Amino acid sequence: MAQAQQVLENLALALGAVGARGSDVLKTTVYVASENREDLAAVWRVVQGSKVADAASTLLGVSLLGYEGQLVEIEATAVLE
């Protein structure tokens, strides 16, 4: 899913801005604006193929997100040592 990939690219930019990488992410919460399990599974596959795949994760289907047309949001907690 293209939007999931874009969200991960944006996350990588945000992490990089503070000197972090995907491997510094400890936890993610992935929100998908869909009740269709196939949509959730498609986003999950993208996340699991990313640099944050090793983080503890929660995947949630929600009725809508903050912006019109927004289908995916990823919240991440990273720790720098």
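For the chain, the residue among Ala33, Met1, Ala55 whose Cα projects farthest onto the positive side of the dipole built from Cβ charges is Ala55. About the centre of its Cα atoms, the chain shows a dipole size close to 180 debye [charges on the beta carbon of Lys, Arg (+1) and Asp, Glu (-1) only; nearest 20 debye].
Here the contact order of the chain, divided by its residue count and restricted to Cα pairs under 8 Å and six or more residues apart, works out to 44 percent. Structure remark: mean-square fluctuation, Gaussian network model of the chain, C-alpha springs under 10 Å; the largest value among Val43, Val30, Val18 belongs to Val18. The sum of -39500 (n - 2.57) across all DSSP H runs of n ≥ 4, divided by the residue count of the chain, sets its helix-only mean residue ellipticity at 222 nm to -11000 deg cm²/dmol.
Among beta bridges identified by DSSP and lying wholly in the chain, the antiparallel ones come to about 50 percent. For Kirkwood radius over Cα pairs in Å, computed directly from the structure shown, the correct entry in (i) 14.6; (ii) 12.7; (iii) 15.3 is (ii).
Between Glu9 and Leu26, the contour length at 0.36 nm per residue exceeds the Cα-Cα span by 4.4 nm.
The numbers here are math on the coordinates, done by the rules we state, and not lab data. Keep in mind that this is a model prediction, so the values were computed, not measured. FYI the Cβ positions are ideal-geometry reconstructions off the backbone, even for glycines, and counts take in every protein chain you see.
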